[in-house]
Amino acid sequence: MAHRQVRTPVPQDVERAWEIVRATLPPTPLVSPPEGPALKLETMQPTGSFKVRGALTALAGVGEDDHVVTASAGNHGLGVAFAATRLGRRATVVVPGNASPAKVAALGAFDVELVRTGTSYADAEAHALELAARGARYVSPYNDPDVIAGQGTLGHELAEQTSGPLTVVCAVGGGGLASGIGLWAATRDDVRLVGVESAAAPSMAAAVRAGHQVPVEVGPTLADGIAANLEPGSVTIDLVAKHVDELLTVTEAELHAALRHLASAHGLVVEGAGAAALAAVLAGKVRTDSPVVVVVSGRNIALPVLGEVLTSSHS
């Protein structure tokens, strides 16, 4: 597949996205427990994930008669479906034939066209790009300037909820969230940004080291939301290299421990990818002198998986 030419966003794009996002979404809570880091609860978004920020920003920029298409049976698809329904835009969400029935049902609750095709995400993405080639606007989960800018609005909320120096820790998959927060942090001289990948899928770290996308072997992981290879030519690679101060990885045992901690200590339902940032902090991997804010990025986990994690002694 040829590289899609995507504009690299700048901090001013995040400013514009902030006007869009705050007009629709109330700020998510920032919880400061007696012990441990502050938690930015993106689990409280209407779709259960930060992805709705980028989707709203992207869809606000298309005309009412334009057609938007994406490929996702997860949090990005839900974000696009929510934004399309809220803004009155035409959207098609392409999902693979093996997508979770629960996620497909969640998508079906919104006013979008659902197309099921193939047996993998790659099949769904190929079909979505084919539809885009016929005139629709393809909205990538991360390789899109409006999506990245929208994710960066989380930083503006933190600016209103905190004061003084900060270390922000977030999960990294395709890098949309880290890139967006990084663009916001670039306007501050007192914010440090740490990205966290699953050790089973260190795609971004490999790309940053090489200076371009390189295929990595993706192993099974609880953090399935951040476990994939990057799109060749993704603008997030350079943005992460420039604006993220450190990239870390966490193991499956550390992910399990973080999920159990969030449930037992805070009563929070969180998916594996959503707990990755906290997993790095709890494991003592984040070293900083400034107050830490952990982005708890999503809650959409299958209940049988959550039950298995909570009752297991994974180590």
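Are there DSSP H segments in the chain that both extend 15 Å or more along their axis (alpha-carbon positions) and score a mean Kyte-Doolittle hydropathy of at least -0.5? List them, or say none. It would help to have the intermediate numbers written out before the result.
Details: long enough: 11-24 (21 Å, -0.69); 75-87 (18 Å, 0.56); 121-133 (18 Å, 0.26); 252-266 (20 Å, -0.10).
Span-like helices in the chain: 75-87, 121-133, 252-266.
Using +1 at the Cβ of each Lys and Arg and -1 at the Cβ of each Asp and Glu in the stretch 31-85, identify which of ALA83, GLY36, THR57 lies farthest towards the dipole's positive end. Of ALA83, GLY36, THR57, it is GLY36. Applying a DSSP loop filter and a limit of 13 other Cβ atoms within 10 Å to the trypsin sites (Lys or Arg not before Pro) in the stretch 245-315 leaves ARG287. Max-minus-min Cα coordinates of the chain on each principal axis give 52, 42, 39 Å, with the largest extent listed first. Relative to the Cα centre, the charge distribution of the chain, modelled as +1 at Lys and Arg Cβ and -1 at Asp and Glu Cβ, gives a dipole magnitude of about 180 debye. What a 1.4 Å probe finds exposed on the chain is 52% carbon and sulfur by accessible area, rounded to a whole percent.
Can you work out the FRET efficiency for the pair SER313 and GLU35, with r the C-beta to C-beta distance and R0 = 35 Å, to the nearest 0.05? List each step's numbers first, then the result.
Working: r = 23 Å, r/R0 = 0.66.
Between SER313 and GLU35 the formula returns 0.90.
Translational diffusion coefficient of the stretch 1-69 at 37 °C, 0.692 mPa s, Stokes-Einstein with Kirkwood Rh over Cα pairs, in µm²/s as a whole number. If you can, show how the numbers build up before the last one.
On the way: Rh = 14.6 Å.
Diffusion coefficient, whole number: 224 µm²/s.
Over all other residues within a Cβ to Cβ distance under 13 Å of ASN229, the charged ones net out to -4, with Lys and Arg as +1 and Asp and Glu as -1.
At most 15 other Cβ atoms within 10 Å and a DSSP loop assignment: could you name the trypsin sites (Lys or Arg not before Pro) in the stretch 188-248 that fit?
Details: sites: ARG188, ARG192, ARG209, LYS242; in loops: ARG188.
Within the stretch 188-248, the qualifying trypsin sites (Lys or Arg not before Pro) (loop, at most 15 other Cβ atoms within 10 Å) are ARG188.
Considering only the other residues whose Cβ falls under 9 Å of the Cβ of GLY88, what net charge follows from Lys and Arg at +1 and Asp and Glu at -1? The answer is +1. Of interest is the spacing of the C-alpha centroids, which for the stretch 181-241 and the stretch 263-307 amounts to 18 Å.
Would you work out the Kirkwood radius for the stretch 1-160? I mean one over the mean of 1/r across all pairs of different Cα atoms, in Å.
Working: mean 1/r = 0.0620 Å⁻¹.
Result for the stretch 1-160 stands at 16.1 Å.
What is the Rg over Rh value, at two decimals, for the stretch 118-198, using alpha-carbon atoms and the Kirkwood definition of Rh? Don't skip to the answer; put the middle values down first.
Details: Rg = 16.0 Å, Rh = 14.3 Å.
So for the stretch 118-198, dividing Rg by the Kirkwood Rh gives 1.12.
Beta bridges assigned by DSSP with both partners in the chain are antiparallel in approximately 10 percent of cases. Among ALA186, GLY219, CYS170, whose Cα projects farthest towards the positive end of the dipole of the stretch 150-219, with charges put on the beta-carbon of Lys, Arg (+1) and Asp, Glu (-1)? In the stretch 150-219, that residue is GLY219.
Summing Lys and Arg as +1 and Asp and Glu as -1 over all other residues whose Cβ lies under 10 Å from the Cβ of SER297 gives a net charge of +1. Spin-label model, ARG134/SER120: points 7 Å from Cα along the beta carbon direction are separated by 2.4 nm.
The values are calculated or read from the model by the stated rules, or taken from the named source; none is laboratory data. Quick caveat: nothing in here was measured; it's all calculated off a predicted structure. Using ideal geometry, Cβ is built from the backbone for each residue, glycine included, and neighbour counts are taken over all protein chains shown. The area values use the complete protein model at the heavy-atom level, side chains included, leaving out ligands, DNA and RNA. Shrake-Rupley method; radii C 1.70, N 1.55, O 1.52, S 1.80 Å.
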